[in-house]
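Enquirer: Okay, handing you the structure first.
The values are calculated or read from the model by the stated rules, or taken from the named source; none is laboratory data. Fair warning: this is a prediction, and the values are worked out from it, not measured in the lab. All Cβ positions, glycine included, derive from the backbone under ideal geometry; neighbour counts span all protein chains shown.
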Amino acid sequence: MPIGGLRTIEKEQKIVVLTGASRGIGHATVKQFSNAGWRVLTCSRLAFDERCPWPGGQENHIQVDLANPQSTIAATEEIKNKLDGKLHALINNAGASPKSTNGTRMNTLETDLELWHTVFQSNFFAPILLAKALKDELAAAKGAVVNVTSIAGSRVHPFAGSAYATSKAALATLTREMAHDFGPLGVRVNAIAPGEVETDILSEGTDQIIAGLPLRRIGQPSEVANAIYFLCSENSSYVTGAEISINGGQHV
């Protein structure tokens, strides 16, 4: 027995669900939370990759196609079965950004209706489906939701297509609505809007955008992950309904 007869109280391990975990910002965010001691449930279209460095990856991975409503709904049940009634954070990071056959942005004249539906299902409808299904678990933990939007949601972007841009603009507005509706449950809902971030696949011409940024450099996935972690931590306990720009000043 501990000195003085006092029992040692184990600190509760926090749990986060993250979509789009397999690369880029998602991959960096998994590492950020895992290093901080959180249990990370990863969601991706791909099966778990054994090369991923975090512990418990296989049993904490959910393979889901967020462009498919049935797959998304089925995934929420699988997530619930992996929780003990509490979820401390939900990060809606996955996003579909289709390009034309030659790699250029797809504008409103080129994007067919089926593709609009696919993009909005992944980028807009899946986040609210997940949040609604996990509402009780989030409320039990007084948790947080972070929606990953984009600078493309506020302006025409040279690389991001119309369907992607409008879905992200809608997600930013959804963040505000969710903050209003989830707030009485003790759940905070915020968004982060990244600009140009260094990932495995960068569009040709990104260097020209970087040259015009106030900070004159590209962002790192870890810098976005830091902001996401802040919004899920006690350090942002009075922040809800906000959208934080992470873009080196690209919005100014």
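Enquirer: Which count do you get for residues in segment 139-149 that are more than 20 Å from residue 221 (Cβ to Cβ) and in a loop (DSSP other than H, G, I, E, B)?
Expert: Total meeting the criteria: 2.
Enquirer: Pull up segment 36-53, narrow it to residues that are more than 18 Å from the chain's Cα centre (by Cα) and under 23 Å from residue 12 (Cα atoms), then point me to the one that is modelled with the lowest pLDDT.
Expert: Selected residue: 53.
Enquirer: A further question on this structure: Would you say residue 91 is part of a strand (DSSP E or B), in contact (Cβ under 8 Å) with a residue 24 or more places away in the chain, surrounded by 18 or more Cβ atoms within 10 Å (Cβ to Cβ) and of a type in the set (Val, Ile, Thr)?
Expert: Answer is yes for this residue.
Enquirer: Then there's this: Report yes if residue 146 is in contact with a strand residue (DSSP E or B) (Cβ under 9 Å, 6 or more places away or on another chain), among the β-branched types (Val, Ile, Thr) and surrounded by 21 or more Cβ atoms within 10 Å (Cβ to Cβ), otherwise no.
Expert: yes
Enquirer: Please give the number of the condition residue 104 fails out of (1) crowded, with 19+ Cβ neighbours inside 10 Å; (2) over 17 Å from residue 169 (Cα atoms); (3) free of Cβ contacts under 8 Å to residues at least 60 places away in the same chain; (4) β-branched (Val, Ile, Thr).
Expert: If we test residue 104 against (1) crowded, with 19+ Cβ neighbours inside 10 Å; (2) over 17 Å from residue 169 (Cα atoms); (3) free of Cβ contacts under 8 Å to residues at least 60 places away in the same chain; (4) β-branched (Val, Ile, Thr), just (1) comes out false.
Enquirer: Hey, another quick one. Tally up the residues in segment 138-162 that are under 29 Å from residue 116 (Cα atoms) and within 19 Å of the chain's Cα centre (by Cα), please.
Expert: 12
Enquirer: Among residues belonging to segment 140-162 that are at pLDDT 90 or above and not polar (S, T, N, Q), point out the one that is farthest from residue 194 (Cα to Cα).
Expert: Result: 140.
Enquirer: I'm checking my understanding of the structure. Among residues of segment 171-201 that are in contact (Cβ under 8 Å) with a residue 40 or more places away in the chain and part of a loop (DSSP other than H, G, I, E, B), which one is surrounded by the most Cβ atoms within 10 Å (Cβ to Cβ)?
Expert: Top of the filtered list is 187.
Enquirer: Could you list, in sequence order, all residues of segment 152-170 that are in contact with a His (Cβ under 9 Å, 6 or more places away or on another chain) and either basic (Lys, Arg) or surrounded by fewer than 21 Cβ atoms within 10 Å (Cβ to Cβ) (or both)?
Expert: Once the filter is applied, which keeps residues that are in contact with a His (Cβ under 9 Å, 6 or more places away or on another chain) and either basic (Lys, Arg) or surrounded by fewer than 21 Cβ atoms within 10 Å (Cβ to Cβ) (or both), segment 152-170 yields 154, 155.
Enquirer: Something else about it: Determine whether residue 152 is more than 23 Å from residue 79 (Cβ to Cβ), part of a helix (DSSP H, G or I) and out of contact with any Lys or Arg (no Cβ under 7 Å at 6 or more places or on another chain).
Expert: Details: more than 23 Å from residue 79 (Cβ to Cβ): yes; part of a helix (DSSP H, G or I): yes; out of contact with any Lys or Arg (no Cβ under 7 Å at 6 or more places or on another chain): no.
In short, no.
Enquirer: Quick one: what pairs do we get from segment 58-70, first residue part of a helix (DSSP H, G or I), second among the hydrophobic types (A, V, I, L, M, F, W, C) and at pLDDT 95 or above, C-beta under 9 Å, 6+ apart or different chains?
Expert: 69/125; 69/126; 69/129
Enquirer: Would you point out the residue of segment 181-217, among those that are over 14 Å from residue 247 (Cβ atoms) and among the β-branched types (Val, Ile, Thr), that is nearest to the chain's Cα centre (by Cα)?
Expert: 189
Enquirer: In the set 138, 134, 130, which member is surrounded by 13 or more Cβ atoms within 10 Å (Cβ to Cβ), under 21 Å from residue 46 (Cα atoms) and aliphatic (A, V, I, L, M)?
Expert: 130
Enquirer: Consider residue 111 against the criteria (1) polar (S, T, N, Q); (2) part of a helix (DSSP H, G or I); (3) crowded, with 17+ Cβ neighbours inside 10 Å: it satisfies all of them except one. Which criterion is unmet?
Expert: Looking at each condition in turn, residue 111 falls short on (2).
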